[in-house]
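So the structure is just underneath, and the comments pick up after that.
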Amino acid sequence: MNGGVTNAELNSLIKIYIARHGETTWNAEGRIQGWSDPGLSPLGYAQSLALFEHLKTRPLGAVYSSDLQRSYLTAQPIARHLGLPILRQTELKEIGFGILEGKNLFQFDEELKQEWNRFKDDRFSYRIPGAENYTDVANRLTPFMERILQQHEGEEILIVGHRVVNRLLIGMFLGFPLEKTLKIEQTNDCLYLIERNEKIKVFHYLDGEVKEGLLLVGKEISL
């Protein structure tokens, strides 16, 4: 007996781990990354090893990363340990920040500050020159999300992405309205687990503890 859970329901359970890449050299410097491709900092490499330690005994069936090296490098230790290829997906790359990429968030001139404020006020419609908005990112993530749910039923998988991409992807897996995803937080060392079958549950792992619910900007909540 399985406490009233049928074999079909157990087989349909999909566990999706969603990690943010480890800290990069630009994260440490306060520079905006987007589609730019800096490597991991020493702390970022340590965070990739912490991810490996956390997942090394899990029966992962697939490891996905974005096509940017900070995501790929974070996924490498656990993928090597499990003998899995890293499936690099362009859909998982971070939101493009256009003319703001490489700039220090705390050293904007007046023009860049105005662009940043316009974007913060309307992240789903406004595009910084040469950039994307949240709607653009959600549109490219939707086919990926649907493919994951179709191809990995009954499996455990890992997705290593980026801050904006992950907050949207997590919200979409949970069935949230897109506007609600703005509240989802994920630091470089935070790992999420989404369990989907008859019910959807979400957990986050941070500082050696696991808690049910989401880590939000400024606080934690249960789903």
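Sort out which residues of segment 102-121 are more than 20 Å from Thr24 (Cβ to Cβ) and without any contact (Cβ under 8 Å) to a residue 12 or more places away in the chain, and write them in order of number.
Hits for segment 102-121 are Asp109, Glu110, Glu111, Lys113, Gln114, Asn117, Arg118, Lys120, Asp121.
Residues of segment 170-192 being assigned to a helix (DSSP H, G or I) and not aliphatic (A, V, I, L, M), which ones?
Pass one, segment 170-192, residues assigned to a helix (DSSP H, G or I): 170-173, 178-183.
Gly171, Phe173, Glu179, Lys180, Thr181, Lys183 - these are the residues of segment 170-192 that are assigned to a helix (DSSP H, G or I) and not aliphatic (A, V, I, L, M).
When you go through Ala8, Ala50 one by one, which is the residue that is among the aliphatic types (A, V, I, L, M) and either at pLDDT 95 or above or touching a Cys at 6+ places or on another chain (Cβ under 6 Å) (or both)?
On the way: Ala8 fails: either at pLDDT 95 or above or touching a Cys at 6+ places or on another chain (Cβ under 6 Å) (or both).
Answer to the selection: Ala50.
From Glu153, Glu195, which residue is in a loop (DSSP other than H, G, I, E, B), more than 21 Å from Phe124 (Cβ to Cβ) and either in contact with a Ser or Thr (Cβ under 7 Å, 6 or more places away or on another chain) or at pLDDT 95 or above (or both)?
On the way: Glu195 fails: in a loop (DSSP other than H, G, I, E, B).
Checking each option against the conditions leaves just Glu153.
Assigned to a loop (DSSP other than H, G, I, E, B) and either at pLDDT 95 or above or touching a strand residue (DSSP E or B) at 6+ places or on another chain (Cβ under 9 Å) (or both): is that true of Thr142 in this structure? Let's see the steps before the verdict.
On the way: assigned to a loop (DSSP other than H, G, I, E, B): no; either at pLDDT 95 or above or touching a strand residue (DSSP E or B) at 6+ places or on another chain (Cβ under 9 Å) (or both): yes.
Spelling it out, it is not the case that Thr142 is assigned to a loop (DSSP other than H, G, I, E, B) and either at pLDDT 95 or above or touching a strand residue (DSSP E or B) at 6+ places or on another chain (Cβ under 9 Å) (or both).
With the requirement that a residue be basic (Lys, Arg) and over 17 Å from the mean Cα position of the chain (by Cα), what does segment 79-108 give you?
Residues of segment 79-108 basic (Lys, Arg): 80, 88, 93, 103.
Result: Arg80, Lys103.
With segment 11-101 as the region, which strands (runs of 3 or more DSSP E) entirely inside it contain at least 1 residues that are without any contact (Cβ under 8 Å) to a residue 60 or more places away in the chain and surrounded by fewer than 17 Cβ atoms within 10 Å (Cβ to Cβ)?
Here the list reads 86-89.
When the residues of segment 132-186 are filtered to those that are β-branched (Val, Ile, Thr) and surrounded by fewer than 17 Cβ atoms within 10 Å (Cβ to Cβ), which remaining residue is nearest to Arg88 (Cα to Cα)? It would help to see each step written out before you state the result.
Within segment 132-186, the first condition is being β-branched (Val, Ile, Thr), and the residues that meet it are 135, 137, 142, 148, 157, 159-160, 164-165, 170, 181, 184.
From what's left, surrounded by fewer than 17 Cβ atoms within 10 Å (Cβ to Cβ): 135, 142.
Values: Thr135: 22, Thr142: 16 Å.
If we take residues in segment 132-186 being β-branched (Val, Ile, Thr) and surrounded by fewer than 17 Cβ atoms within 10 Å (Cβ to Cβ), then Thr142 is nearest to Arg88 (Cα to Cα).
The values are calculated or read from the model by the stated rules, or taken from the named source; none is laboratory data. None of the values given here were measured: they were computed from a predicted structure. When we count neighbours, we look across all protein chains shown, and the Cβ atoms used for this are built from the backbone with ideal geometry, even at glycine.
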